1. Filter segment 95-107 for residues that are open to solvent by 10 Å² or more (accessible area, probe 1.4 Å) and either more than 24 Å from residue 173 (Cα to Cα) or among the polar types (S, T, N, Q) (or both) and give the result.
2. Tell me, please, whether a residue that is closer than 30 Å to residue 43 by Cβ, surrounded by fewer than 22 Cβ atoms within 10 Å (Cβ to Cβ) and free of Cβ contacts under 8 Å to residues at least 60 places away in the same chain can be found in segment 142-154.
3. Of everything in segment 12-66, what is open to solvent by 60 Å² or more (accessible area, probe 1.4 Å), out of contact with any helix residue (DSSP H, G or I) (no Cβ under 8 Å at 6 or more places or on another chain) and not in a loop (DSSP other than H, G, I, E, B)? Give them in sequence order.
4. Name the residues in segment 80-113 that are closer than 17 Å to residue 162 by Cα and of a type in the set (A, V, I, L, M), would you?
5. Tell me, which residue of segment 116-139 that is part of a loop (DSSP other than H, G, I, E, B) and more than 13 Å from residue 31 (Cβ to Cβ) is nearest to the chain's Cα centre (by Cα)?
6. Can you pull out the residues in segment 157-176 that are open to solvent by 40 Å² or more (accessible area, probe 1.4 Å) and without any contact (Cβ under 8 Å) to a residue 40 or more places away in the chain?
7. Restricting to segment 85-94, count the residues that are at pLDDT 90 or above, in contact with a Lys or Arg (Cβ under 9 Å, 6 or more places away or on another chain) and either among the basic types (Lys, Arg) or open to solvent by less than 10 Å² (accessible area, probe 1.4 Å) (or both).
8. Which numbered condition trips up residue 47, out of (1) at pLDDT below 90; (2) farther than 25 Å from residue 150 by Cβ?
Amino acid sequence: MRTADIDRDSDMRWDFAGPADAVPLGARIIGYRQVGGAALDLRVAAAAAVTVLIEFGDDGLTIDDAVGRRTVGGLVAGLPLEAMHIRAERAQCIEVRLSPLQAYSLLGIAPADLGRGAVALDELWGARAGRLREQLASASSWDERFAVTTSFLAQQDRSSRAPDPEVVEGWHRILGSGGQVKIGGLAESLGWSHKRLWARFESQIGLTPKRAAMLVRFRSAVDGLLADRPAAAVAMDCGYTDQAHLCRDVSIFTGRTPGSLTTHYLPAIARRRYRAWGRFFQYPEASPGR
């Protein structure tokens, strides 16, 4: 796997790298490491993807979330995640983004079981997580680290855990509409009862269709807010009834107002990480803390 580029920021504090070639399994992956200056300090909100963050330096990651404060070597965060604070003194990280459809077969845990807080990799993969971190630490290049990570994920693949086709189609409709699909008619159009779709969606995606649509729309709105567009215009484009409706959703997912989002969720390192996702993948869901 070839590295697309290594992007060192202007003050020489962080390196970011992404693969030049398509990543197996449909995953998206970047790497970043601190080469000097301030420590890693990120506030992360829920996303329309499952995030796997692996720290392969010496210190691990200190996280504060709905579960409490703890230090871990890596984590998985699902769609139900509540706001989380991540810190590390000298971070060296691989970050993987998976569609919840992929995560259902790759991670060995039902998305519904990821819950409101992060799950430590040691809890998820046991001793294999430690061996993965050791391999990443001993790798001599980002190319090698990306290859190690994708190979590890491929070994976890259990296609028998794939979501139902109706859940897959429902998720694609929600994502494709930016969260503005008419949820009331979704079950009928898929040939399922409302009760069945809600139960299967929650177990296989981690959220009900209604909550999933709220999340996808919120992430679309955040991109507009971070591009310095007026909140009223963002609310209209994203299908909110008014700006107050947008403010309520931002508060639900971040505990902040739209005006304070940039201050609290995008310190310098978060801005660089945000740009790295966009640069390497033109990733439309990139948002706070991403």
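The values are calculated or read from the model by the stated rules, or taken from the named source; none is laboratory data. This structure is a prediction, so every number in the text was calculated from the model and none was measured. Glycine gets a Cβ as well: all are built from the backbone with ideal geometry, and neighbour counts include every protein chain shown. SASA here: full protein model, heavy atoms, side chains in, ligands and nucleic acids out. Shrake-Rupley method; radii C 1.70, N 1.55, O 1.52, S 1.80 Å.
1. The answer is 99, 102, 105.
2. yes
3. Residue satisfying the conditions is 33 alone.
4. Answer for segment 80-113, where residues must be closer than 17 Å to residue 162 by Cα and of a type in the set (A, V, I, L, M): 98, 101, 103, 106, 107, 109, 110, 112.
5. To start, the set of residues in segment 116-139 that are part of a loop (DSSP other than H, G, I, E, B) comprises 116-118, 126, 139.
Those still in the list that are more than 13 Å from residue 31 (Cβ to Cβ) too: 116-118, 126.
Values: 116: 13, 117: 13, 118: 11, 126: 22 Å.
Step by step, filter segment 116-139, then rank; the result is 118.
6. Selection gives 165, 166, 169, 172, 173, 176.
7. Number satisfying all stated conditions: 3.
8. (2)
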